[in-house]
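Q: My structure is below; once you've seen it, I'll send some questions.
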Amino acid sequence: MFDRPPGRLASTGQVSLLAAVILLLISALALDARGGIGLIADQLALLRTPVFRVPAGWPQPVYDFRDNPITAAGFALGRELFYDPKLSRDGSVSCASCHQQFAAFAHYDHAVSHGIDNRNGTRNAPGLFNLAWLPQLMWDGSAHNLEVQPLGPVANPVEMDAKLPALLDRLRADPAYPKRFEAAFGSPDIDSQRMLKALAQFTGTMISADSRYDRYVGGDASALNATEQAGLAAFRARCASCHVEPLFSDFSYRDNGLDAAPRDGGRATVTARAVDRGSFRVPSLRNIGLTPPYMHDGRFDTLGQVLDHYRSGVAGSDHVDPLLRGGLPISAEERAALLAFLPTLDDPGFTHDLRFADPARRR
Ligand code: HEC
Ligand code: HEC
């Protein structure tokens, strides 16, 4: 007789550790039999490749990985490309220059992004995570597909300023890339579609869903203290009509009252409709403690300034969102609770996940 309850599963941490040990043992045996260092490398590559899983309670993603199945070699290639300054005209700027892992892949402490030849853009680089759920990308929704989006920064004269044919030639002339493309796609041919698919395998699997907030919502009542819980309640009362859980956005475009006369047309630059002037995508607030400064132009350095904007700084114009007219009635107590709650959306496991780190650091 067993007195252990039947069917109790080990935690996922234990299971993956066990899987890792078993894989390593198998590899070690294979090494004996066939001298296959390569096999160990293969097993390690698999362990380093994220599996795309929809977190519990989340909607289905928009980007469909069935058209771009994630493989260990495809993901590794995407990661290599993301961190490679070869993608810019003069080899000085990589995607990671403006999208830094420790800042949840935003550009830390840069109000507007800073690209090639020290040229400045006009918008704040957003954090990159949960991208597979975005119906459109960019603050104004000007990119429709995760796969095509990188063509923007690669060609943008203030970002990477590269000509695509020249960039592809650089990759073809590189000693390593043809082999990497062969491993990922079956032949060493390098074209933009393959480059973009590999990048999407990397960026699309960056899922951030393990903050203290997530643990609390998942049933661990001790994950948030009393003040943080009060902050969540205040958030649900004041903010959640636009910043909708679990992704913390409804993906609509709105004017949250930053300027009575917006300089940046925002959504209107895409739709050409006057009513969309000054509207921007409601951004996710996940990892918000890690991604200052805030708003599409990075005008606020702290979350306190953001809350003071919503309390008393909302511009009185006819295009400001009706939900925000006259500002939000946030009491001093609610303000303090919100400031305690917002950083519980940070996900240090994501910003420290070695699978998304610069591959050069560990070679
Ligand atoms: C010079 C800085 C810079 C570089 C280099 C750069 N980006 Fe960006 N990225 C930005 C900025 C700024 C935005 C927001 C632009 C906007 O909304 O108009 C952005 C937006 C994005 C978005 C959309 C995110 C969202 O929430 O909608 C993705 C995805 C992205 N970048 C991926 C990449 C990839 C992949 C590369 C490399 C090929 C790259 N970026 C290179 C600054 C940069
Ligand atoms: C009417 C919809 C709406 C409501 C309600 C709202 N927001 Fe926003 N929020 C937005 C929009 C739109 C933006 C982007 C504005 C821009 O950059 O031009 C934004 C931006 C932000 C940002 C900056 C994010 C970043 O990555 O730069 C923070 C932080 C924020 N909101 C927090 C809150 C909090 C906290 C509340 C409640 C007190 C709240 N919001 C209520 C629509 C809303």
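The values are calculated or read from the model by the stated rules, or taken from the named source; none is laboratory data. Everything numeric here is computed off the predicted structure, so don't read it as measured data. Reconstructed Cβ throughout: ideal geometry from the backbone, glycine too, with neighbour counts over all protein chains shown.
Q: Scan segment 144-152 and give yes if some residue there is of a type in the set (G, A, S), within 16 Å of P85 (Cβ to Cβ) and surrounded by fewer than 21 Cβ atoms within 10 Å (Cβ to Cβ), otherwise no. Spell out how you get there, then give the answer.
A: Here is the first cut: in segment 144-152, the residues of a type in the set (G, A, S) are 152.
Applying the additional criterion that residues be within 16 Å of P85 (Cβ to Cβ) yields none.
The answer is no; no qualifying residue exists.
Q: Which condition breaks for V112 when tested against (1) more than 9 Å from ligand 1 (Cβ to nearest atom); (2) among the hydrophobic types (A, V, I, L, M, F, W, C); (3) surrounded by 15 or more Cβ atoms within 10 Å (Cβ to Cβ)?
A: Of (1) more than 9 Å from ligand 1 (Cβ to nearest atom); (2) among the hydrophobic types (A, V, I, L, M, F, W, C); (3) surrounded by 15 or more Cβ atoms within 10 Å (Cβ to Cβ), only one is false for V112: (1).
Q: For D276, indicate whether it is more than 22 Å from F341 (Cβ to Cβ), crowded, with 19+ Cβ neighbours inside 10 Å and more than 8 Å from ligand 2 (Cβ to nearest atom).
A: Numbers: more than 22 Å from F341 (Cβ to Cβ): yes; crowded, with 19+ Cβ neighbours inside 10 Å: yes; more than 8 Å from ligand 2 (Cβ to nearest atom): yes.
Yes: the conditions hold for D276.
Q: Taking into account only those residues within segment 153-162 that are of a type in the set (A, V, I, L, M, F, W, C) and part of a loop (DSSP other than H, G, I, E, B), which is surrounded by the most Cβ atoms within 10 Å (Cβ to Cβ)?
A: Quick first cut of segment 153-162, residues of a type in the set (A, V, I, L, M, F, W, C) only: 154-155, 158, 160, 162.
So of that shortlist, the ones also part of a loop (DSSP other than H, G, I, E, B) come out as 158, 160, 162.
Values: V158: 17, M160: 26, A162: 23.
That would be M160.
Q: Still on this structure, please answer the following. Hey, could you check segment 246-268 for residues that are more than 7 Å from ligand 2 (Cβ to nearest atom), closer than 24 Å to H114 by Cβ and over 24 Å from the mean Cα position of the chain (by Cα) and say which is surrounded by the fewest Cβ atoms within 10 Å (Cβ to Cβ)?
A: R263
Q: Still on this model: Answer yes or no as to whether D169 is among the charged types (D, E, K, R), surrounded by 14 or more Cβ atoms within 10 Å (Cβ to Cβ) and either without any contact (Cβ under 8 Å) to a residue 60 or more places away in the chain or within 16 Å of L87 (Cα to Cα) (or both). Even if it seems obvious, please write down each step before you answer.
A: Numbers: among the charged types (D, E, K, R): yes; surrounded by 14 or more Cβ atoms within 10 Å (Cβ to Cβ): no; either without any contact (Cβ under 8 Å) to a residue 60 or more places away in the chain or within 16 Å of L87 (Cα to Cα) (or both): yes.
Judged against the criteria, D169 is not a match.
Q: Yes or no: segment 270-280 includes at least one residue that is closer than 22 Å to F105 by Cβ and among the hydrophobic types (A, V, I, L, M, F, W, C). First the steps, then the outcome.
A: As a first pass, look at segment 270-280 and keep what is closer than 22 Å to F105 by Cβ: 280.
Next cut, among the hydrophobic types (A, V, I, L, M, F, W, C) only: 280.
Looking through segment 270-280, at least one residue is closer than 22 Å to F105 by Cβ and among the hydrophobic types (A, V, I, L, M, F, W, C).
Q: Shifting gears a bit: Could you tell me which of the residues G298, G289 is assigned to a loop (DSSP other than H, G, I, E, B) and under 25 Å from the mean Cα position of the chain (by Cα)?
A: Details: G289 fails: assigned to a loop (DSSP other than H, G, I, E, B).
The unique qualifying residue is G298.
Q: List every residue pair whose Cβ atoms sit under 7 Å apart, with the two residues 6 or more apart in sequence or on different chains, where the first one lies in segment 141-165 and is on the phi > 0 side of the Ramachandran plot and the second, anywhere, is within 16 Å of ligand 2 (Cβ to nearest atom).
A: Correct list of pairs: G141/Y253; G141/R267; G141/V270; G141/R281.
Q: Further question: Quick check on this structure: which one of G91, G74 is farther than 22 Å from H352 by Cβ and in a loop (DSSP other than H, G, I, E, B)? First the steps, then the outcome.
A: Details: G74 fails: in a loop (DSSP other than H, G, I, E, B).
That would be G91, the only listed residue that is farther than 22 Å from H352 by Cβ and in a loop (DSSP other than H, G, I, E, B).
Q: Right, another one. Being under 26 Å from the mean Cα position of the chain (by Cα), away from ligand 1 (no atom under 16 Å from the Cβ) and outside any helix (DSSP H, G or I) narrows it down to one of D189, D210, so name that one. I'd like the intermediate steps shown before the answer.
A: Numbers: D189 fails: under 26 Å from the mean Cα position of the chain (by Cα).
Just one listed residue meets the conditions, D210.
Q: Return the only residue of G327, G298 being touching a Lys or Arg at 6+ places or on another chain (Cβ under 9 Å), farther than 19 Å from C242 by Cα and in the same structural domain as S252 (by TED's automatic domain parsing). It would help to see each step written out before you state the result.
A: Details: G327 fails: farther than 19 Å from C242 by Cα.
Matching residue, one of G327, G298: G298.
Q: Hey, among the residues in segment 284-302 that are of a type in the set (A, V, I, L, M, F, W, C) and in contact (Cβ under 8 Å) with a residue 40 or more places away in the chain, which one's nearest to ligand 2 (Cβ to nearest atom)?
A: So the first thing to find is which residues in segment 284-302 are of a type in the set (A, V, I, L, M, F, W, C), and the list is 285, 288, 290, 295, 300.
Narrowing further to those that are in contact (Cβ under 8 Å) with a residue 40 or more places away in the chain: 285, 288, 290, 295.
Details: L285: 6, I288: 5, L290: 10, M295: 4 Å.
It comes out as M295.
Q: Can you work out which of the residues in segment 293-335 that are crowded, with 19+ Cβ neighbours inside 10 Å and within 16 Å of ligand 1 (Cβ to nearest atom) is farthest from R277 (Cα to Cα)?
A: Among residues in segment 293-335 that are crowded, with 19+ Cβ neighbours inside 10 Å and within 16 Å of ligand 1 (Cβ to nearest atom), the one farthest from R277 (Cα to Cα) is P293.
Q: Something else about it: Please specify each residue of segment 115-140 satisfying the condition of being of a type in the set (A, V, I, L, M, F, W, C) and either more than 6 Å from ligand 1 (Cβ to nearest atom) or part of a loop (DSSP other than H, G, I, E, B) (or both). So that I can check it myself, show each step before the final result.
A: Looking only at segment 115-140, we keep the residues that are of a type in the set (A, V, I, L, M, F, W, C), and these are 116, 125, 128-129, 131-134, 137-139.
Within segment 115-140, I116, A125, L128, F129, A132, W133, L134, M138, W139 meet the criteria.
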